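Some notes on the structure that comes next.
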Amino acid sequence: MSIPTVFVVKNDNCFEFFCYFCRSLHQHGAIEGHRLSHCTNQKSPYRDRGYMLRLPPQNQSGETVYYLRLGNRIKIGWTRNLSAKMKAIPHEQLLALEPGGLSVEAQRHQQFEEFKIVGEWFRSCPVIMRHVASLEWEPAK
Ligand SMILES: [Zn+2]
């Protein structure tokens, strides 16, 4: 069985990420790689195999395009501070990340325009989910 990947942000000398299963922030030492889970939720799938910590893919300016799911909606946006965004935007799951800033975001918004609901929110659909799946990150189920 493969080990799930989670994206972290560096905060002082720690890596941290928001765990969807524990609904809390998990902190680790600032080195990428395999770790034992800090999960307190007995049902967390991370408890058996741990997880691979990875820094998010970024462009040279430190910018990342993110795909967030809330119900059957997906928000596509970009940020230089993923941690702050994850805390600020209500969502159920971080689906994927892609290196890039405003121009990549604009490109995706245009590419998926027919599924747009309002602002940066899009209707979940096979076209967007195929793109998300192509971004080489297996999200937690
Ligand atoms: Zn957890």
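Counting residues in segment 64-134 as N, plug N into 2.2 N^0.38 Å and put the Cα Rg over that result. Intermediate values should be presented prior to the final figure.
Working: Rg = 11.0 Å, N = 71, 2.2 N^0.38 = 11.1 Å.
My calculation over the Cα atoms of segment 64-134 gives 0.99.
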- Query: Excluding same-chain residues fewer than 8 positions from residue 43, which lysines have a Cα within less than 30 Å of its Cα?
  - Reply: 10, 75, 85, 87, 141
- Message: Compute for segment 5-54: radius of gyration divided by Kirkwood radius, i.e. Rg/Rh, restricted to C-alpha atoms, rounded to two decimals.
- Response: 0.93
- In degrees between 0 and 90, to the nearest 10, how far off the longest principal axis of the chain does helix 102-111 point, with axes built from Cα atoms? 60
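Out of every Cα-Cα pair in the chain, what percent are more than 20 Å apart?
Values: 4597 of 9870 pairs.
For the chain, the share of Cα pairs beyond 20 Å comes to 47 percent.
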- Query: Given labels modelled 7 Å from the Cα in the Cβ direction, how far is it in nm from residue 12 to residue 70?
  - Reply: 3.0
- Note on the structure: Cys in the chain lacking any partner Cβ under 4.7 Å -> 14, 39, 125
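Over the chain, what is the mean sequence separation of C-alpha contacts under 8 Å (at least six apart), divided by residue count, expressed as relative contact order in percent?
Details: 242 pairs, mean separation 29.9, N = 141.
Value for the chain: 21 percent.
A short reminder: the numbers here are calculations on the coordinates, not readings from a lab. Computed from a prediction, not measured in an experiment: that's the story for all the values here. Note that each Cβ is placed from the backbone with ideal geometry, even for glycine, and that neighbours are counted across all protein chains shown.
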